[in-house]
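Here's the structure we're looking at; comments come further down.
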Amino acid sequence: MDLRVGKRVLWVGDAAYPLRNVTRVYSVEFKPKRGETFGFFLVGSVIALVVARSEPDALPGCVLAVAALLVWLLKVLWSPSKYALVIDTSGTASALVTLPHRERLRQLVDAIVEAVESPEKQLHVQVESMNFSRNYHHGDKVNIYGGLGHTGVLKK
């Protein structure tokens, strides 16, 4: 996918963002949910053990379930972090693109900021689209129930 700047417009693929509407450009790291996945593996393994002990006929299915959980755990444990460039606008639109290297993303952030500050600036870069599974997490998770007495954010 192309990311380019020209004539005071930032193009991310086929989407056009007027540079005057760009409010924030930054890079982020998406980390695999290793701890959460390990917890699911432990809970699933304990459940399979309890079922196998109470129902000996279910042993092959329990072994298969633990093997599947183990494969999932290893996949998540070996998954690398992913780095993304986020472009927010004054409206509700935002763009999310990625490059393999974090340092290159930081350089791209600087180049886009320079393009916002200098109307004559031109830029053209090849980027990747962002595809994630549920195994990645970015930022705080906030759940608010009810409407009174909120005292802060619980960070996990």
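Throughout, read-outs are computed from the coordinates displayed, never taken from laboratory work. This one's a predicted model, so the numbers in the text were calculated from it and none came from an experiment. A quick note on method: Cβ atoms are made from the backbone with ideal geometry, for glycine too, and the neighbour counts reach across all protein chains shown.
Key figures
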{"item": "Fewest-first ranking of Trp78, Trp11, Trp72, using other Cβ atoms within 10 Å as the exposure measure", "result": "Trp78, Trp72, Trp11"}
{"item": "Exposure proxy order (Cβ contacts within 10 Å, fewest to most) of Glu117, Glu29", "result": "Glu117, Glu29"}
{"item": "The range 34-78: radius of gyration and largest Cα-Cα distance (Dmax), Å", "result": "11.0, 34"}
{"item": "Extension reserve of the Asp2-Val113 stretch, reckoned as 0.36 nm per residue once the Cα distance is removed", "result": "38.2 nm"}
{"item": "Sorted by Cβ density within 10 Å, fewest first, the residues Thr92, Thr37, Thr23", "result": "Thr92, Thr23, Thr37"}
{"item": "Extension gain, Val63 back to Arg104 (0.36 nm per residue minus Cα-Cα distance, nm)", "result": "10.3 nm"}
